[in-house]
Amino acid sequence: MRFQLVPAAYVILRRDDHVLLQLRRNTGYRDGFWATAAAGHVEEGETVVEAALREAREELDVVPTDLTPVTAMHRTGTREPIDQRVDFFFTCTRWSGTPRRVEEEKSAGIEWFALDALPENVVPHERFVFDRLRTGLPPIVEFGFDPRVSPA
């Protein structure tokens, strides 16, 4: 099987030590889990920054004005070539508009959480990033390859 890579962009809206999370529903992936409020796959012909801006607009009705790259995560859930992903995480502390749920059929709510008081049910690879936001992350991280770091 040929190696395939699925890229995605994540925009972490921050207010001091708080992050905006969205409760997933009806998506087919980690429904009932809290996740980065604006995230999604990079579409054909789109750059990762364009994808980040589009996702923030589509999911939260905001336009980020200070996207800052945090880390790129190479991850897998099964170690199969078709399940290779690269996630580009950005933080944003300034935006125009007021964050709101736009895709209500895919979201049960949005809420601000302190980084040291996240809910239990956060998407695991995203929690990996949130848990390290205050101390910093290297430019590239890996998730799911080491059996001690479970992707489940």
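The values are calculated or read from the model by the stated rules, or taken from the named source; none is laboratory data. Remember, predicted model here, so these are calculated numbers, not experimental data. In this analysis, Cβ positions are derived from the backbone assuming ideal geometry, glycine residues included, and neighbour counts consider all displayed protein chains.
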Inset, instruction - Sort through Thr78, Thr135 and tell me the only one that's closer than 23 Å to Tyr29 by Cα, among the polar types (S, T, N, Q) and at pLDDT below 95. - result: Thr78
Inset, instruction - Hey, can you tell me all the residues within region 80-100 that are among the charged types (D, E, K, R) and in contact with an Asp or Glu (Cβ under 8 Å, 6 or more places away or on another chain)? - result: Arg94, Arg100
Inset, instruction - Say whether the condition of being surrounded by fewer than 17 Cβ atoms within 10 Å (Cβ to Cβ), touching a Phe, Trp or Tyr at 6+ places or on another chain (Cβ under 9 Å) and within 25 Å of Phe143 (Cβ to Cβ) is met by at least one residue in region 51-67. - result: no
Legend entry - Filter pass, Tyr10 being crowded, with 17+ Cβ neighbours inside 10 Å and of a type in the set (Phe, Trp, Tyr): yes
Inset, instruction - Give the residue that is farthest from Ala37 (Cα to Cα), with candidates limited to residues of region 84-128 that are touching a residue at least 12 places away in the same chain (Cβ under 8 Å) and part of a helix (DSSP H, G or I). - result: Asp116
